[in-house]
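Q: Structure provided below as structure tokens; questions to follow.
The values are calculated or read from the model by the stated rules, or taken from the named source; none is laboratory data. The model shown is predicted, which means the values in this text are computed figures rather than measured ones. Reconstructed Cβ throughout: ideal geometry from the backbone, glycine too, with neighbour counts over all protein chains shown. These accessible areas exclude ligands, DNA and RNA; they are computed on the full protein's heavy atoms, side chains included. Shrake-Rupley method; radii C 1.70, N 1.55, O 1.52, S 1.80 Å.
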Amino acid sequence: MMEHWFWLLLTVACVVWYSSVTIYVAVKGMRDIRTMLENIAAGSRVGSADDPPGDQSA
Amino acid sequence: MNNFTWFDGSIVGLYLLATMIAGIAVRKYVGNVEHFLIAGREMNVYLGIASLAATEFGVVTCMYTAQNGYEFGFAGATPGIITAAAMYLVGVTGFCVKPLRDARVITIPELFQKRFGDRIRWASGVVIVLGGLLNMGVFLRTGGEFLVLVAGFDIKYLEITMSVLLLSVAVYTILGGMLSVLVTDFLQFVVMSAGLIIVTILILSQVGWSTLTSTVTAHYGAGGFNPFVHPKMGWPYVLFNVFLNLAAVLTWQTTIARLLAAKDTPTGLKVYKGTSFFFVCRFLIPGIWGIAALAALSPAVVGGNTLQAMPKFLSTAVPSGLMGILIAAMIAADMSTDSSYMLTWGSVIYNDILAPFRKTRWSERRGLRWNRSIIALIGVFLLFYGLWYPLKGDLWTYLGVTGTIYLSSMSVLLIACSYWKRANSWGAGAAIIVGAIIPTGFLVLEQLPSTREAAAAIGPYFSGIATYLLTGAAMVIGSLLKPSPSEISPERVSR
């Protein structure tokens, strides 16, 4: 088993990292979604789709 | 025989319902084109990581990375390690991506316009869209084949099943744009990750690490663990993948779109750093599935198509209940990729290819209507080009050519645009032309009987390396040939 320690280490790292990140990102990501939608809604209350167009590429 | 039951079907159905509800619900937040294309630049780190990971892992990815494991052993994960290293370094240094994000553009060609002019912007847009759409053309059919093999669906329902799936994706992407894509990507990331992790743990416990390593040793010797000594890989393979994957990290529009949607540059760089190790998982985890297939299946069962080895293995190795999670995970992977890719190529068509036709400023409402129409048309194209009209010939060579045309020229343009003041439109144009000619020329050499042997002697890796180097040279030479602004009269100075 120790002959291919690099690949064993990498495989274990993948499973552990991916499991941990999935849980962490799942929790934090929910918060990000809420904040993103709140900020967009707050910004939209200032203007509307019929406003004079700004820079289309900015 | 397969292990897909009604219980598994209900898991899949529940997941699809949740995705559609989430994707459609956020459409009310879309008020303008910026919301639609880049989520109003309000994307934060963790949502960015989830979205980037979900987007860059589709069923096609799973199939070909597993095939790499089947054909090359652990060494087949080399491209993933290289991509992870490249993405991390880019995230730490901000190489090219910092100037790109600081410019507050929506697409890469938009940045090129500021340095190289309208024509280069338009040509870049065409290169990106052609490369991207042709690349995406194989996703539906390959994804459908996976589902047929793993879940035991009747193959005659493949087109209908994948059409329904694409229509579902198209609905929320058209309605909610990047906002829907981010929210559904997040959900799909969770489901996809759960499926990948659970199945991997199952395989490792069922097959065992010793069996995996001894199988690779028996088939490929030391080359199965070290790409430099593998007879079909070697340093040309590694070097080519360094060029290819660095170029992809810098310029693959679906990856860059997450950077451009980030709320600021530091957030975008954190997304890159935070997601980088995922690309190791992207290759190694399915690679292990492929090695397990190599250990478990006889060549007679696999047949001539090693791309199907992994799904054939999973169809009998994964028990009912878990099969539903696996299918949901793979459908999640496919939907997140399809939605992101449709939106991304649509954004380049709207922002860059249609730019010359937007002589007067369009209202936000008109812009949204055009974006939604473009995505719908992309969906129609995918259905006919990639699903109902099966492609013929060597698909992977075809993808390799279109991918290299895109990545070689766009990465050279981005590096020059970001760091070389002398770079100009002549160099950019030359780079685009050379970046197209060499891979296409190699493809022609491979096809002609009189030059086939020569092409085989050169090989795809040296051809690919030459493409990047010569494209860079074309940028330098072309730029130096154009008189610099100080050499011509002030009245004639133009962009």
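Q: For chain B, take N as its residue count and report Rg(C-alpha) divided by 2.2 N^0.38 Å. Walk me through the intermediate numbers first.
A: On the way: Rg = 22.6 Å, N = 495, 2.2 N^0.38 = 23.2 Å.
Compactness ratio reported: 0.97.
Q: Take the range B:232-281, drop everything but the C-alpha atoms, weight them equally and run the Debye formula without solvent; then report log10 I(q)/I(0) at 0.16, 0.18 Å⁻¹ to two decimals.
A: The calculated log intensity ratios at q = 0.16, 0.18 Å⁻¹ are -0.55, -0.65.
Q: Once both axes come from the Cα atoms, what is the angle between helix B:425-447 and the longest principal axis of chain B, in degrees from 0 to 90, rounded to 10?
A: That works out to roughly 40 degrees.
Q: Assuming 1.567 mPa s and 4 °C, estimate D for the range B:65-180 with Stokes-Einstein, Rh taken as the Kirkwood radius over Cα pairs, in µm²/s. Walk me through the numbers before you get to the answer.
A: Values: Rh = 18.2 Å.
Answer, rounded: 71 µm²/s.
Q: Using the Cα centre as the reference, give the magnitude of the dipole from point charges on the C-beta atoms of the range B:286-370 (Lys, Arg: +1; Asp, Glu: -1; all else neutral), rounded to the nearest 20 debye.
A: Details: 7 positive and 4 negative charges, 118 e Å.
Result for the range B:286-370 is approximately 560 debye, rounded to the nearest 20.
Q: Please identify the chymotrypsin sites (Phe, Trp or Tyr not before Pro) of the range B:147-243 that satisfy two criteria: DSSP loop assignment and at most 13 other Cβ atoms within 10 Å. Which are they?
A: Details: sites: B:PHE153, B:TYR157, B:TYR172, B:PHE186, B:PHE189, B:TRP209, B:TYR220, B:PHE225, B:PHE228, B:TYR237, B:PHE240, B:PHE243; in loops: B:PHE153, B:PHE225, B:PHE228.
Hits after loop and neighbour filter: B:PHE228.
Q: Inside 10 Å of the C-beta atoms of B:22-33, what's the mean count of C-beta atoms belonging to other chains?
A: 4
Q: For B:LEU244, B:LEU314, give the ranking by accessible area with the largest first, probe 1.4 Å. Walk me through the intermediate numbers first.
A: Numbers: B:LEU244 45, B:LEU314 0 Å².
If we order B:LEU244, B:LEU314 from most to least accessible, we get B:LEU244, B:LEU314.
Q: For the range B:176-319, build the charge dipole from Cβ charges (+1 Lys, Arg; -1 Asp, Glu) around the Cα centre, then report which of B:PRO299, B:ALA262, B:ALA218 sits farthest towards its positive end.
A: The residue sitting farthest along the positive end of the dipole is B:ALA262.
Q: Now for a different question. Just to be sure I follow: if Rg is taken over the C-alpha atoms of the protein assembly as shown and Rh is the Kirkwood radius over the same atoms, what is Rg/Rh?
A: Details: Rg = 23.2 Å, Rh = 24.0 Å.
Taking Rh as the inverse mean 1/r over Cα pairs, Rg/Rh reads 0.96.
Q: Nearest 500 deg cm²/dmol is fine: what mean residue ellipticity at 222 nm does the protein assembly as shown get from its DSSP H runs of n ≥ 4 alone, each adding -39,500 (n - 2.57), divided by its residue count?
A: -25000 deg cm²/dmol
Q: Quick one: dipole size for the protein assembly as shown, taken about the Cα centre, charges +1 on Lys/Arg Cβ and -1 on Asp/Glu Cβ, in debye to the nearest 20. Don't skip to the end; give the middle numbers.
A: Values: 37 positive and 28 negative charges, 277 e Å.
Charge dipole, the protein assembly as shown, about its Cα centre: 1340 debye, nearest 20.
Q: Report, in degrees rounded to the nearest 10, the 0 to 90 angle that the Cα long axis of helix B:265-275 makes with the longest principal axis of chain B.
A: Roughly 30 degrees, rounded to the nearest 10.
Q: Tell me, what is the FRET efficiency for A:MET30 and B:VAL92 to the nearest 0.05, using R0 = 25 angstrom and their Cβ-Cβ distance as r?
A: Details: r = 28 Å, r/R0 = 1.10.
Calculated value: 0.35.
Q: Hey, could you pull the Cα Rg and Dmax for the range B:259-309, both in Å?
A: Answer for the range B:259-309, Rg first and Dmax second: 18.2, 54 Å.
Q: Now, a different point. What size of dipole, in debye to the nearest 20, comes out for the range B:311-442 about its Cα centre when the only charges are +1 on Lys and Arg C-beta atoms and -1 on Asp and Glu C-beta atoms? Display every interim value, and only then the final one.
A: Values: 11 positive and 5 negative charges, 131 e Å.
Dipole magnitude for the range B:311-442 comes out near 620 debye.
Q: What fraction, in whole percent, of alpha-carbon pairs in the range B:320-442 exceed 17 Å separation?
A: Working: 5534 of 7503 pairs.
So the pairs more than 17 Å apart make up 74 percent of the total in the range B:320-442.
Q: If the range B:190-288 were replaced by its equivalent ellipsoid, with semi-axes equal to the square roots of 5 times the Cα gyration tensor eigenvalues, what would those be, largest first, whole Å? Each step should come with its number before you reach the end.
A: Numbers: eigenvalues 195, 94, 14 Å².
Largest first, the range B:190-288 gives 31, 22, 8 Å.
Q: Mind pulling the per residue volume of the convex hull built on the Cα atoms of the range B:140-205? Å³ is fine. Show your work: numbers first, answer last.
A: On the way: hull volume 5.8 nm³, N = 66.
So the per-residue Cα hull volume is 88 Å³.
Q: Give the lysines reachable from B:LYS359 as a straight Cα distance under 26 Å; neighbours fewer than 8 places away on the same chain don't count.
A: Reachable lysines: B:LYS114.
Q: Quick one: P(r) of the range B:4-121 from all Cα-Cα pairs, 5 Å bins, percents rounded to integers, in order of increasing distance.
A: Going from the shortest bin to the longest, the percentages are 2, 8, 9, 15, 16, 14, 15, 12, 6, 3, 1, 0.
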